[in-house]
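Take a look at the structure below.
Read-outs throughout are calculated quantities, based only on the coordinates presented, and are distinct from any laboratory measurement. All of these numbers come straight from a predicted model, not from anything done at the bench. Reconstructed Cβ throughout: ideal geometry from the backbone, glycine too, with neighbour counts over all protein chains shown.
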Amino acid sequence: MSDESAPSPTRVRVWDVPTRLVHWLVVLGVGFSWWTAETGRLEWHRWSGYLLFGLVLFRIYWGLFGSATARFRSFVRGPRTVWNYLRGRWVAQPGHNPLGALSVLALLILLALQIGLGLFAVDVDGIESGPLSAHVSFETGRAAAQWHDTLFKVLQAVIALHIVAIAWYRLARGEKLFGAMLHGHRDFPLPVPQPAKASLLRLVIGIVVAALLTWIATRG
């Protein structure tokens, strides 16, 4: 016999449009960057890197001034909270769980390092180089290029782990994290407040700041 007194799930918009759009553009950008590097299309690789640079800058800005669930302070937790989550002492709430937050931070840091190295990288013949390579020696630029290649392998491993974790949450716990990043909503068993949205002005400022900083960096 079903329990008719059980509360119905609460549907909450956990991810706003900018957060979801940046997420999927980064997915496409990383894939495109890998393809252009593997096929020697270095001019396209450069422009793909510029796009990712702007997206990472915007995501950092949005993590400070964006909607409630996108802000770092709403999901970055200390070791004790992560430990409590692993022990099952965690009440579901909109946004990243403590482990998901670590994954987001790791990916964002790796992307920032990967792009930063690319800006200073110098290829073997010095023809296809990053826009900031003129500010470092040839040896430093070559080292940046080598680390750029090595770090991408680390980034690939973390991305693979991220995908496996999403699949595990879906199959083992029934949490539809993939779908939430598509349409922005999740169902919660208990009533939870709707996260606060960011204003359109903050969105425009973030786009302008990210675009301007990207333009400055690409001009060398």
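Starting from 0.36 nm per residue, how many nanometres of slack lie between ALA165 and LEU25 once their C-alpha separation is accounted for? If you can, show how the numbers build up before the last one.
Values: separation 140, 0.36 × 140 = 50.40 nm, distance 2.04 nm.
Gain in length upon complete extension: 48.4 nm.
Residue separation times 0.36 nm, minus the C-alpha to C-alpha distance between ILE216 and LEU105: what's the value?
37.4 nm
Pick from GLY29, GLY63, GLY174 the residue whose mean-square fluctuation is largest in a GNM of the chain, springs joining Cα atoms under 10 Å.
For the chain, modelled as a Gaussian network with Cα springs under 10 Å, the answer is GLY174.
Within a Cβ distance under 14 Å of PRO131, other residues only, what is the Lys/Arg minus Asp/Glu net charge?
-1
Where does each of PHE138, PHE75, PHE152 land when they are ranked from fewest to most other beta-carbon atoms within 10 angstrom?
PHE138, PHE152, PHE75
Kindly express, to the nearest 10 degrees and within the range 0 to 90, the angle between helix 17-38's C-alpha long axis and the longest C-alpha principal axis of the chain.
With rounding to tens, the tilt is 40 degrees.
If eta is 0.890 mPa s and T is 25 °C, what Stokes-Einstein diffusion coefficient results for the chain, Kirkwood Rh from Cα pairs, in µm²/s? Provide the component values of the computation, followed by the final result.
Values: Rh = 19.2 Å.
Stokes-Einstein gives a translational diffusion coefficient of 127 µm²/s.
Taking the chain as a Gaussian network, Cα atoms linked when under 10 Å apart, which of SER103, SER199, SER74 shows the biggest mean-square fluctuation?
SER199
Restricting things to alpha carbons, tell me how big the stretch 1-99 is in terms of Rg and Dmax, in Å.
Here Rg and the maximum Cα pair distance are 19.1, 65 Å.
Taking the Cα centre of the stretch 13-182 as origin and charging only Cβ (+1 Lys, Arg; -1 Asp, Glu), how large is the dipole, in debye to the nearest 20? Display every interim value, and only then the final one.
Values: 16 positive and 9 negative charges, 250 e Å.
Computed about the Cα centre, the dipole is about 1200 debye.
Sum -39500 (n - 2.57) across every DSSP H segment of at least 4 residues in the chain, then divide by the residue count to get the 222 nm mean residue ellipticity, nearest 500.
Values: 8 runs with 143 residues, N = 220.
Helix-only estimate at 222 nm: -22000 deg cm²/dmol.
Given the options ALA145, ALA112, ALA196, state which has the largest fluctuation in a GNM of the chain using a 10 Å cut-off (strictly under) for Cα springs.
Between ALA145, ALA112, ALA196, it is ALA196 that shows the largest mean-square fluctuation.
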